[in-house]
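For reference, the structure discussed in these notes is given below.
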Amino acid sequence: MKTDLIYFKQNLRKWHKDNNRKYSWRDSSDPWKIFLIEVLSQQTQLERANKYYNKFISEFPKPVNMAKASKRKVLKLWSGLGYNNRAIRLHDSSKVLSKKGFDGVYPNFKELPGVGEYTNSALLSFAYNEKVITLDTNVKRIIGRYFKVDDIDNFIKDNKNDLLNRFNSRDFNQSLMDLGSLICTSRNPKCSVCPLEKNCMKYIKEVSKKNTPFKNSNREKRGKIVKILINSKKVTSKDLAKRLEIDEDKITQLIEALKKDGVVKASKNKYIEINSN
Ligand code: SF4
C-alpha cells in the first residue's frame, strides 16, 4: 500500500501539472464562486456549466445580488440547464447567505437548501483549504479502482491523512476530478494513457498487461497525442504529425487506435478532440 500510495500521489501530481483544466474559479477561494460552480455543474458537464457560471457571476457577483433578484430572473438565467428545482434552492441559499455570510454557516454548509455531503466537502476543501477529500464520483471511482476497494467511503476515511499528506487538498481533489473526466471515465477508462496505470489494481487485475517497453512504443506516442489534445483546441492530424515529428500515416493509425478505444473523436471539420462522453 505504501509504495502504491507514493506512486499514486507522485504521478497524479505530475500529470496534473500538464493537464490542469483551466477555469477562472479554480484558483479562487471565494466560497460564493465555488458554491455557484458546484451547484451549476451537478449533473451537467463542466464545460457547459462554466458557460452558465460566467453569466451567473457577472449578474450576481455576491449572494446579496441574487437574494435581491426575483425567482423569475434566476430561473431565466438558469434556462436550458434543466432541474429547475436546483435554481430555486440556489436562490433560497443566496437569501440565507446574504444574511449570515459563508462564515456564519461554516463548517456545516448542509444547512443551506439543497446542499449535500459533496458540496459541503467541496466548499471546505476549495474555499477553506481544509484537509478534506471531496466525495465526488470521479474521486471515488479512481480511488476505488486504483486501490481495488469496494467500501470506498471507509477507505477514504481511514486513509485520508496519508492520501493528503504533503498534498494540498484543493490540488488533490482537482487532479482526481480532471483525471476522472478525461482518462479514468466511468465507461471505457483510457488505461493505455493513464499516468497511474503501472500500479493500478484494476488495470493489473482486469486488463491483461502487455510487457512491451514504453519508450518509443505506440503507447508512449498515443499518450503524447492525448496530452496535446487535452491542452489544445483545433488540432488536425497534420498538426500532430508536425509537433510529434511522426509521419502522417503513422499518426492516422495511432488516432484510429485511440478512436477505437473511445479516447478521441474527429469533429466534422477534421479536428481531433478528446472524447469526453
Ligand atoms: S489505469 Fe485505468 S482503471 Fe486504473 S486509474 Fe488509470 S484509467 Fe483508471
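Each value in this text was obtained by applying a stated rule to the coordinates, not by laboratory testing. Computed from a prediction, not measured in an experiment: that's the story for all the values here. Virtual Cβ from ideal backbone geometry, glycine too; neighbours counted across all protein chains shown.
Assorted remarks:
- Here the chain is treated with +1 on each Lys and Arg Cβ and -1 on each Asp and Glu Cβ, and its dipole about the Cα centre works out to around 680 debye.
- Peptide packing for 246-252, 86-92, 259-265 was compared via the average number of neighbouring C-beta atoms within 10 Å per residue; ordered from the highest value, the list is 86-92, 259-265, 246-252.
- Angle between the chain longest axis and helix 169-182 axis [Cα atoms, degrees, rounded to 10]: 60
- For residue 235, the residues 5 or more places off, or on other chains, whose built amide H falls under 5 Å of its own are 272.
- Using θ = phi - 60° and Karplus 6.51 cos²θ - 1.76 cosθ + 1.60, couplings along segment 68-76 (whole Hz; Gly, Pro as x): 7, 7, 7, 4, 4, 5, 5, 5, 5
- Degrees, to the nearest 10: 117-126 long Cα axis against longest axis of the chain: 80
- The chain: relative contact order as a whole-number percent, Cα under 8 Å and 6+ apart: 17
- Dipole of the chain, positive direction: furthest Cα of 5, 172, 64, with charges on the beta-carbon: 64
- Ordering 184, 49, 114 by the projection of their Cα atoms onto the charge dipole of the chain, which places +1 on the Cβ of Lys and Arg and -1 on the Cβ of Asp and Glu, puts 49 at the extreme positive end.
- Spatial separation of Cα centroids for segment 3-64 and segment 133-206, in angstrom: 17
- Distant-in-sequence amide H partners of residue 264 (H built 1.01 Å from N, under 5 Å): 259, 275
- Around the amide H of residue 149, modelled in the peptide plane, lies no amide H under 5 Å away from a residue 5 or more places distant or on another chain.
- All aspartates and glutamates inside 18 Å of residue 68 as judged from Cα atoms, apart from same-chain residues fewer than 8 positions distant: 59, 92
- Taking θ as phi - 60° and the Karplus parameters 6.51, -1.76 and 1.60, the scalar couplings of segment 260-274 work out to 4, 7, x, 7, 10, 9, 9, 8, 4, 8, 6, 7, 9, 9, 5 Hz in sequence order, x denoting glycine and proline.
- Rounded to the nearest 20 debye, dipole of segment 1-40 from Cβ charges on Lys, Arg, Asp, Glu: 220
- Both radii are taken from the alpha-carbon atoms of the chain; with Rh as the Kirkwood radius, Rg/Rh is 1.01.
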